[in-house]
């Protein structure tokens, strides 16, 4: 966890080129590791849960950076927005390709999205 926080601190404190490079490398790793594997509906749901947990951890790391760093760069909010947007787009592309390549029905994700929205609503309370 400390290593991840240190990596995010370096990425968001450095120039925009490092952010683009990190996004490119992390996206390729994420896509290569999951899209071309044979998936079932259960393993796809498990992957969605894992990605949701990872996104929550990333949000905590970014919040930790904001709380601990004395000097926040001017473009920090823009970098975080770019990072989160690209991460969510890569995940959406990943799931669409997994569903397409494995011949899965996308109906099973609708029930899971209802559960996820209920969880996020409960989390905000």
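The values are calculated or read from the model by the stated rules, or taken from the named source; none is laboratory data. Note that this is a predicted model, so its numbers are computed, not measured. Cβ atoms come from the backbone with ideal geometry, glycine included; neighbour counts cover every protein chain shown.
Tell me the helices (runs of 4 or more DSSP H) entirely within segment 27-125 that contain at least 3 residues that are modelled with pLDDT of 80 or more and either more than 24 Å from residue 13 (Cα to Cα) or in contact with a strand residue (DSSP E or B) (Cβ under 7 Å, 6 or more places away or on another chain) (or both). Working first, answer last.
Working: elements: 41-68, 76-102, 107-124.
Hits in segment 27-125: 41-68, 76-102.
Working carefully through the options 40, 50, 59, find the one that is surrounded by fewer than 16 Cβ atoms within 10 Å (Cβ to Cβ), under 21 Å from residue 99 (Cα atoms) and within 18 Å of the chain's Cα centre (by Cα). Step through it out loud before you land on a result.
Numbers: 40 fails: within 18 Å of the chain's Cα centre (by Cα); 59 fails: under 21 Å from residue 99 (Cα atoms).
Result of the check over 40, 50, 59: 50.
Six or more apart or on different chains, Cβ atoms under 8 Å: show the pairs whose first residue is in segment 95-114 and over 13 Å from residue 31 (Cβ atoms) and whose second is in a helix (DSSP H, G or I) and at pLDDT below 70.
Pairs that qualify, where the first residue is over 13 Å from residue 31 (Cβ atoms) and the partner is in a helix (DSSP H, G or I) and at pLDDT below 70, are 99/109.
Restricting the search to segment 27-51, which residues are touching a residue at least 60 places away in the same chain (Cβ under 8 Å) and out of contact with any helix residue (DSSP H, G or I) (no Cβ under 7 Å at 6 or more places or on another chain)?
Taking segment 27-51 and keeping what is touching a residue at least 60 places away in the same chain (Cβ under 8 Å), we get 27, 30-31, 34-36, 38-41, 44-45, 48.
Once the filter is applied, which keeps residues that are touching a residue at least 60 places away in the same chain (Cβ under 8 Å) and out of contact with any helix residue (DSSP H, G or I) (no Cβ under 7 Å at 6 or more places or on another chain), segment 27-51 yields 36, 40.
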